[in-house]
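S.K.: Take a look at this one; I'll ask things after.
The values are calculated or read from the model by the stated rules, or taken from the named source; none is laboratory data. Treat the numbers as computed from the prediction; the structure is a model and nothing was measured. Methodologically, a virtual Cβ is constructed for each residue, glycine included, from the backbone with ideal geometry; neighbour enumeration extends over all protein chains shown.
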Amino acid sequence: MAELEELLERLKAEQRDIIERAARSKATPARSAIQRIGELELAIGAVEQLINETEGQ
């Protein structure tokens, strides 16, 4: 379980970093940055679901 929590924190940190860099930029975020944010959101959701399932056992 600790490994899943650590993975979740790494994913959230990476997503937060991309979002913060985009916010500091005066330009519209690159399509690749937007896609990566979305990919990370999906991965975060999957890990959270797995944590919830594991806790329920």
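S.K.: Hey, does region 39-46 have a residue that's surrounded by 12 or more Cβ atoms within 10 Å (Cβ to Cβ), assigned to a helix (DSSP H, G or I) and among the acidic types (D, E)?
M.R.: Among the residues of region 39-46, at least one is surrounded by 12 or more Cβ atoms within 10 Å (Cβ to Cβ), assigned to a helix (DSSP H, G or I) and among the acidic types (D, E), which makes the answer yes.
S.K.: Looking at region 24-38, which of its residues are surrounded by fewer than 13 Cβ atoms within 10 Å (Cβ to Cβ), part of a helix (DSSP H, G or I) and either at pLDDT below 95 or not small (G, A, S) (or both)?
M.R.: In the first step, residues of region 24-38 are kept if they are surrounded by fewer than 13 Cβ atoms within 10 Å (Cβ to Cβ); the result is 24-28, 30-32, 35, 38.
So of that shortlist, the ones also part of a helix (DSSP H, G or I) come out as 24, 31-32, 35, 38.
Listed by number, the residues that qualify are R24, R31, Q35.
S.K.: Additional query: Can you give me the number of residues within region 47-57 that are exposed (fewer than 10 other Cβ atoms within 10 Å of the Cβ) and assigned to a helix (DSSP H, G or I)?
M.R.: The qualifying residues number 3.
S.K.: How many residues are exposed (fewer than 11 other Cβ atoms within 10 Å of the Cβ) and touching a Ser or Thr at 6+ places or on another chain (Cβ under 9 Å) if we restrict to region 1-23?
M.R.: Residues flagged as exposed (fewer than 11 other Cβ atoms within 10 Å of the Cβ) and touching a Ser or Thr at 6+ places or on another chain (Cβ under 9 Å) within region 1-23 amount to 1.
S.K.: List pairs: first residue in region 38-55 and closer than 13 Å to R10 by Cα, second residue in a helix (DSSP H, G or I) and acidic (D, E) anywhere in the structure, Cβ distance under 7 angstrom, at least six positions apart or on different chains.
M.R.: L40/E14
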